[in-house]
Amino acid sequence: MVKRFRMQNIKLKYWAIAFAALITSSVSSPAQTTSAPAVPVAEAVRRAAAQRAVYLEEFKNLISKENKTFEIFDKKGQIKKRRTVTSVFIVYQPVKSKEVVEFRNVIAVDGKAVADADKRAEDLFTQLVDPESSEKELQKLQNESLRFDEGIYIDGLTLFQAVALADNLQPSFDFSLAGTDVIDGRDVVVLAYEQKRSSPFITTDTSAKPVEGKLTLEYDVDISGEVNPRLKGKLWLDAETMQVRRETRQLTVRPEGFASPIVFTEDEFQYVQTDFPLLAPKRIVHLQNRIGKKDAVAQTTEKVVFEYEKFTRPDVEVKSAEVK
């Protein structure tokens, strides 16, 4: 069965983009270490949420080279298939819209170049500014991004960081301080979060229509009936700036009859310094499990690793158009 995970702000616009050349260079060095101050939980959440907003704002119109590696495991836990998809990763915002989206222009699979990659993408974007365009055309765009992804469709994981801090999701979580640490020479504050209340924005119902303009997390769980999805994790926040330097996240499910929650997905995010006012993703690891309905045991079936080179801005203007 196709596995799907999406995070999205639902407000569809029709737009086009002019592709820029990918610029590669090394990541700038982190600043000097800081002293980790005592900070109340509410203040940590407030400041980290503000930095999350900065992250989303600064991420617009950034590009990077992305290597996405898939490993598929058999029932014995052995790798039965492996694939690497290389793309130009673009974060883009249409003009006159607050929404931002991910797009991957796939340029190679397992080291072999994809023929006419730029032309295929350009043709798709051209269709999106046609007055006759529809949501189906946007779906074509997403399909183009994910067409080599082994049936594991993950969208929004890179762009929408620290989802527990989103305005519409915060009320579902309890937050607590979980100590301090040091990452890349920087003192960090560890902020733990755990979902204690159900949310219409965290769902396993793939047929549900997300609320317009609200961040929605949609997980495809191959179990019928109510599964009670819950998120929990930790954020390693820079003690001075409250930007996210690392995150771990789990989604658990508890179908009817299960004695306790079972981990369905696990994610780990690592962020690094950039030339922009944000820490950008360097590496993301996504693990997905199969839930045994009889024995209530989770077994890892897929591992997806996202790795990025330095994020840069395009060296040509990125254009868009909106159909009114």
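If R₀ is 22 angstrom, what is the calculated FRET efficiency for the pair Asp275 and Arg47, using the beta carbon separation as r and rounding to 0.05?
Working: r = 23 Å, r/R0 = 1.03.
With R0 = 22 Å, the Cβ-Cβ based efficiency is 0.45.
Taking each pair of different alpha-carbon atoms in segment 178-312 once, compute 1/r for the pair, average those values, and report the inverse of that mean as the Kirkwood hydrodynamic radius in Å to one decimal.
Numbers: mean 1/r = 0.0597 Å⁻¹.
Across segment 178-312, the inverse of the average 1/r is 16.7 Å.
Label-point separation (nm) for Gln170 and Arg197, each offset 7 Å from Cα along Cα-to-Cβ?
Going from the Gln170 label point to the Arg197 one covers 1.3 nm.
Could you sort Asp123, Asp187, Asp116 by accessible area so the largest value comes first, with the probe set to 1.4 Å?
Ranked from most to least accessible, the order is Asp116, Asp123, Asp187.
Heavy-atom accessible area of Val221 with all protein chains present, probe 1.4 Å, nearest 10 Å²?
Result for Val221: roughly 10 Å² accessible.
What are the residues whose amide H is under 5 Å from the amide H of Asn61, where those residues sit 5 or more places off or on another chain and H is modelled from the backbone?
Close amide H contacts, sequence-distant or interchain: Val91, Tyr92, Gln93.
Report the accessible area of Thr274, computed with a 1.4 Å probe over the heavy atoms of all protein chains in place, in Å² rounded to the nearest 10.
For Thr274, the solvent-accessible surface is approximately 20 Å².
Roughly how many Å² is the accessible area per residue of segment 175-324, as a whole number, for a 1.4 Å probe?
On the way: 6950 Å² over 150 residues.
With the other protein chains kept in place, segment 175-324 gives 46 Å² per residue.
I'd like the projected area of segment 39-120, averaged over all directions, using the convex hull of its alpha carbons. Report it in nm² with one decimal.
Values: hull surface 38.8 nm².
Directional mean of the projected Cα hull area for segment 39-120 stands at 9.7 nm².
Out of the DSSP beta bridges found with both residues in segment 186-324, what percent are antiparallel (nearest 5)?
Numbers: 40 of 42 bridges.
Of the beta bridges lying entirely in segment 186-324, close to 95 percent run antiparallel.
If ligands, DNA and RNA are left out, what is the accessible area of Arg283 with a 1.4 Å probe, given in Å² to the nearest 10?
Looks like 80 Å² after rounding.
How many percent of the accessible area of segment 180-263 is carbon or sulfur, using a 1.4 Å probe? Write down the numbers at each step before the final one.
Details: 1640 of 3760 Å².
C and S fraction of accessible area: 44 percent.
How high is the FRET efficiency between Arg147 and Ala38 when r is their beta carbon distance and R₀ equals 35 Å, given to the nearest 0.05?
Working: r = 50 Å, r/R0 = 1.41.
The calculated FRET efficiency here is 0.10.
Would you kindly state how much longer the chain becomes between Val285 and Val54 on full extension, computed as 0.36 nm times their sequence separation minus their alpha carbon distance, in nm to one decimal?
On the way: separation 231, 0.36 × 231 = 83.16 nm, distance 2.33 nm.
This chain segment gains 80.8 nm when fully extended.
Between Leu177 and Lys119, how many nm apart are label points set 7 Å from Cα along the C-beta direction?
My value for the distance between the label points is 6.0 nm.
Ordered by residue, what ³J(HN,Hα) values in Hz, to whole numbers, does segment 225-237 give under the Karplus form 6.51 cos²θ - 1.76 cosθ + 1.60, where θ = phi - 60° and Gly and Pro are x?
x, 6, 10, 6, x, 9, 9, 8, x, 9, 10, 9, 9
The values are calculated or read from the model by the stated rules, or taken from the named source; none is laboratory data. Please read all numbers here as calculations on a predicted model, not as lab measurements. Cβ coordinates were reconstructed from backbone atoms using ideal geometry, including for glycine residues, and neighbour counts include every protein chain displayed. Quick note on the areas: whole protein, heavy atoms, side chains included, nothing else; ligands and nucleic acids left out. Shrake-Rupley method; radii C 1.70, N 1.55, O 1.52, S 1.80 Å.
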